[in-house]
Amino acid sequence: MTFQRERLLNIIGAKTMGSYDKRLEYYEKRWATRTGIQSSFHELSNRDKLARFPGRMLKRIAACVGPSWGGFVRHRLDKVYPYQKYRLPPGVYLNEEKIGASREFLRRESAH
């Protein structure tokens, strides 16, 4: 789902906000505060408003979706497409001895 979301955003020339973008936004705000230059949307030229419009719309859509992609998937998308536990196809070899040893190890570790 995440890859499909990123592909869709790339098609329209957008992307999700990562840690680099958040840092950049922080420094832009800090620079604007120091220099006294206001970058209010209403003070921009029509050309700059048009350039910023897609980002503003994506932020509003993101606000409707929720604070995170994971939250959206868990709380909204799961109602449409319920999560189903993955099942291995028939005929896949499973080493039962190793599975048993792993379960035993996890049982011992969770007891501590």
Checklist entry - Between residue 74 and residue 9, what length comes free when the chain is fully extended (0.36 nm per residue of separation minus the Cα-Cα distance, one decimal in nm)? => result 21.4 nm
Item to check | Segment residue 83-residue 57, length gained on full extension (0.36 nm per residue, minus Cα span) | outcome: 6.4 nm
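Every number here is computed from the coordinates shown, using simple stated rules; none is lab data. This one's a predicted model, so the numbers in the text were calculated from it and none came from an experiment.
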